[in-house]
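A quick write-up on the structure given underneath.
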Amino acid sequence: MVDSSGSSGKSTHFGFQEVAEEQKAGMVHGVFTNVASKYDVMNDVMSIGIHRLWKDAMMDWLAPRDRQRLLDVAGGTGDIAFRFLRRAPGARAVVLDMTESMLAEGRKRAEAGKLADRLDWVVGDAMALPFEDNSFDVYTISFGIRNVTRIDDALREALRVLRPGGRLMVLEFSQLPDAGLQKLYDLYSFNVIPRMGKLIAGDRDSYQYLVESIRRFPDQESFAAMIRDAGFENVKYRNLSLGIAALHSGWKI
């Protein structure tokens with residue numbers, strides 16, 4: 001996942017903790033370094049296996065096309081980039097992540113070798129992307145935006161590196177509109193996921209943070225407003241699995 005630090009004197013949240021902004025990057029980096037080798041397995045646990053369908057729905061709405069250039073931020077294990085390139089054989093992709101061990105896991109996957117001539121891996125920061133203005137046709141971030149210290153900065157960077165006519169798409173855990181269903185999902189999240197993290201990845205604390213970060217993330221309408229405020233137009237969202245996750249789409253006009 002992608003983040004940055006800076007000595008701003010401001011505070012932010014790390015799950016349910018309040019921490020100095022300059023501390024969060026290292027803490028998030030530690031989480032994903034710890035879980036990198038089991039990240040894809042734990043995605044199955046956290047989403048009850050449905051994340052694969054959500055990612056396919058993301059591609060359906062995105063409709064990848066040949067000759068497009070994709071930037072997948074916080075995309076360490078390559079799931080989104082692989083799907084994009086399989087659907088658009090003439091496209092190219094860059095996977096950017098703050099954690100080298102996550103990128104290393106992505107490179108190990110069989111798809112990485114088959115797509116090596118169209119795929120690059122870059123260690124970098126969502127809030128200070130190492131790319132020129134107007135460099136990409138599509139920007140995606142999947143289950144990563146909630147880990148960024150300053151989400152507004154990341155969204156502005158997304159706008160900067162997209163070409164006019166370029167598209168942003170964000171897949172993230174979200175909020176269920178029904179309070180009763182939300183309570184049931186929270187019971188699952190807070191009681192089951194950390195225990196499974198301990199069992200599968202040997203790391204309860206990292207998964208405790210991950211479920212807390214989901215609850216701290218803005219709801220669908222609030223996040224759509226943040227995307228508009230960053231300068232994107234025609235912003236829309238679609239709920240997935242009743243709102244357990246959501247897709248947000250915006251365009252650089």
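Here, each number is a calculation from the coordinates, and none is a lab measurement. As the structure is a computational prediction, the values presented were derived from the model and not from experiment. Neighbour counts are summed over all protein chains in view; Cβ atoms, including those assigned to glycine, are modelled from backbone coordinates with ideal geometry.
Going from the fewest other Cβ atoms within 10 Å to the most, the residues Tyr188, Tyr209, Tyr237 appear in the order Tyr188, Tyr237, Tyr209. Kindly identify the range 142-253 as rounded, prolate or oblate by the Cα gyration tensor criterion: order the square roots of the eigenvalues as a ≥ b ≥ c, call it rounded if a/c is under 1.5, otherwise compare a/b with b/c, prolate if a/b is larger, else oblate. Prolate shape, in that a/c is at least 1.5 and a/b is the bigger ratio.
If you restrict to DSSP beta bridges whose two residues both lie in the range 103-253, what percentage is antiparallel, to the nearest 5? Each step should come with its number before you reach the end.
Details: 14 of 20 bridges.
DSSP beta bridges in the range 103-253 are roughly 70 percent antiparallel.
Phi-derived couplings, Karplus 6.51 cos²θ - 1.76 cosθ + 1.60 at θ = phi - 60°, listed residue by residue for the range 131-144: 9, 6, 4, 6, 9, 10, 8, 9, 10, 10, 8, 10, 6, x Hz, with x used for Gly and Pro.
Sparsely packed loop sites in the range 44-133 (the GluC sites (Glu not before Pro) outside DSSP H, G, I, E and B with at most 10 other Cβ atoms within 10 Å) comprise Glu132. Please state the shape class of the range 38-97: rounded when a/c is under 1.5, otherwise prolate if a/b exceeds b/c and oblate if not, all from the C-alpha gyration tensor. Oblate is the answer for the range 38-97, as a/c is 1.5 or above yet b/c matches or exceeds a/b. Packing, as the average of other Cβ atoms within 10 Å across residues, places the peptides 116-122, 89-95 in the order 89-95, 116-122, highest first.
By the count of other C-beta atoms within 10 Å, a proxy for reagent exposure, Asp79, Asp205 are ordered fewest to most as Asp205, Asp79.
Would you mind ranking Ile145, Ile48, Ile193 so that the residue whose beta carbon has the fewest other beta carbons within 10 Å leads the list? If you can, show how the numbers build up before the last one.
Numbers: Ile145 24, Ile48 11, Ile193 20.
Fewest-to-most ranking of Ile145, Ile48, Ile193: Ile48, Ile193, Ile145.
Is the shape of the range 69-178 rounded, prolate or oblate, going by the alpha carbon gyration tensor and its root eigenvalues a ≥ b ≥ c, with a/c under 1.5 for rounded and a/b larger than b/c for prolate? Note, shape of the range 69-178 comes out rounded.
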